[in-house]
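Here is the structure we will look at, set down as C-alpha cells.
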Amino acid sequence: MVVTAYDYTMARIVDTADIDIVLVGDSLGMCIYGLPDTVDVTVEMMIEHGRAVMRAAKKSFVVVDIPCGSFEESPLQAYQTAQKIIDETGCDAVKIETTLDSIAAIEMMVQNDINVMAHVGLLPQQVRQLGGYKYQGRDAKKAAEIIQTAKLAEAAGAFACVIEAVPQQLARDITAALKIPTIGI
C-alpha cells in the first residue's frame, strides 16, 4: 500500500501501520500551501517536507516527488535535482512525472543508483497546459502513447509506476504490459 504524507505527524502515524511506501507528493502545494495546482511547488518545499517525513518514517520506503521546473531541461538537471533531494532528505527514491521526453532522465538517474518511480496518465504538473484535471488516454492514440511511455520507463529502470486518471481498461492494460508494480490513483 502507498500513502501520501507531508509532515512528521502524519508520517509517524503511517509508519506504524502496515504501509509499504510513503510518498511525499508535490500535491502538498495544494494541501498545505493553498496553491491552485502543483506547478509552483519548489525543490526546497519538497526537501523540507521530505526531511520531516524521514524523521518519522522508520519502516516505510519513502519516495519524494521531483517538482515541476526542476527536471525538464535535461537528464543532467533531473539527476542533479534527484540527487539533491536524496542527499538532503535521506529518502529512498524519487518520483518523476513521466513523458517520452523524460525517459532519458530516468535512465540517467537509475544508472547513478537513484531509485525512480515513474508516473503516467494525468500529469498534474502539466495541468495548466491540459486546461484542468482531465482523464487521459481516452482515445486510442493517447492510450498507446501512455502505454509506450510506461514500458519505456520500466526499460529505463523505474521500479514502479503510478497510473493517474486513466480509464480502467487502460490502467489494466498498462499493468498487464509491465513487470514492475503499478499504483493506481
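In the stretch 70-81, what count of residues is obtained for those that are of a type in the set (A, V, I, L, M, F, W, C) and either open to solvent by 40 Å² or more (accessible area, probe 1.4 Å) or not in a helix (DSSP H, G or I) (or both)?
The total comes to 2.
Under 8 Å between Cβ atoms, at least 6 apart or on separate chains: pull out the pairs that start in the stretch 109-125 with a residue that is at positive phi and end on any residue that is among the charged types (D, E, K, R).
Gly121/Glu164
Among the numbered conditions (1) touching a residue at least 12 places away in the same chain (Cβ under 8 Å); (2) surrounded by fewer than 16 Cβ atoms within 10 Å (Cβ to Cβ); (3) farther than 11 Å from Val120 by Cβ, tell me where Ala160 comes up short.
Here Ala160 clears every test but (2).
Among the numbered criteria (1) within 19 Å of Ala156 (Cβ to Cβ); (2) touching a residue at least 60 places away in the same chain (Cβ under 8 Å); (3) open to solvent by 40 Å² or more (accessible area, probe 1.4 Å); (4) of a type outside the set (Asp, Glu), which single criterion is violated by Arg128?
(1)
Quick check: is even one residue across the stretch 52-69 open to solvent by 30 Å² or more (accessible area, probe 1.4 Å), assigned to a strand (DSSP E or B) and either in contact with a helix residue (DSSP H, G or I) (Cβ under 9 Å, 6 or more places away or on another chain) or under 22 Å from Asp7 (Cα atoms) (or both)?
To start, the set of residues in the stretch 52-69 that are open to solvent by 30 Å² or more (accessible area, probe 1.4 Å) comprises 54-55, 58-59, 61, 68-69.
Add one more test, that the residue is assigned to a strand (DSSP E or B), and what stays is 61.
Adding the requirement that they be either in contact with a helix residue (DSSP H, G or I) (Cβ under 9 Å, 6 or more places away or on another chain) or under 22 Å from Asp7 (Cα atoms) (or both) leaves 61.
Yes.
In the set Leu28, Leu23, which member is of a type in the set (A, V, I, L, M, F, W, C) and without any contact (Cβ under 8 Å) to a residue 40 or more places away in the chain?
Just one listed residue meets the conditions, Leu28.
Is one or more of the residues making up the stretch 15-33 of a type in the set (Phe, Trp, Tyr) and part of a helix (DSSP H, G or I)? Write out each step before concluding.
Applying the first criterion (of a type in the set (Phe, Trp, Tyr)) to the stretch 15-33 yields 33.
If we keep only those that are part of a helix (DSSP H, G or I) as well, we get none.
The answer is no, given that none of the residues of the stretch 15-33 is of a type in the set (Phe, Trp, Tyr) and part of a helix (DSSP H, G or I).
Take the residues in the stretch 86-109 that are among the β-branched types (Val, Ile, Thr) and more than 13 Å from the chain's Cα centre (by Cα); name whichever of them is surrounded by the most Cβ atoms within 10 Å (Cβ to Cβ).
Initial filter on the stretch 86-109 (among the β-branched types (Val, Ile, Thr)): 86, 89, 94, 96, 98-99, 103, 106.
Retained after the next criterion (residues that are more than 13 Å from the chain's Cα centre (by Cα)): 86, 89, 103.
Working: Ile86: 20, Thr89: 22, Ile103: 20.
Here the answer is Thr89.
Being open to solvent by 30 Å² or more (accessible area, probe 1.4 Å) and within 24 Å of Leu122 (Cβ to Cβ) is true for just one of Met46, Met30. Which residue is that? Spell out the reasoning first.
Details: Met46 fails: open to solvent by 30 Å² or more (accessible area, probe 1.4 Å).
After ruling out the rest, the residue left standing is Met30.
Considering each of Gln83, Gln77 in turn, give the residue that is in contact with a Phe, Trp or Tyr (Cβ under 9 Å, 6 or more places away or on another chain), farther than 18 Å from Val162 by Cα and at pLDDT 95 or above. Spell out the reasoning first.
Values: Gln83 fails: in contact with a Phe, Trp or Tyr (Cβ under 9 Å, 6 or more places away or on another chain).
So the residue among Gln83, Gln77 that is in contact with a Phe, Trp or Tyr (Cβ under 9 Å, 6 or more places away or on another chain), farther than 18 Å from Val162 by Cα and at pLDDT 95 or above is Gln77.
When you go through Val162, Val166 one by one, which is the residue that is touching a His at 6+ places or on another chain (Cβ under 6 Å) and not hydroxyl-bearing (Ser, Thr, Tyr)?
Details: Val166 fails: touching a His at 6+ places or on another chain (Cβ under 6 Å).
Criteria check complete, one pass: Val162.
The values are calculated or read from the model by the stated rules, or taken from the named source; none is laboratory data. Remember, predicted model here, so these are calculated numbers, not experimental data. All Cβ positions, even for glycine, are placed from backbone atoms using ideal geometry, and neighbour counts span all protein chains on display. Side chains are part of the model used for accessible areas, which takes the heavy atoms of the whole protein and leaves out ligands, DNA and RNA. Shrake-Rupley method; radii C 1.70, N 1.55, O 1.52, S 1.80 Å.
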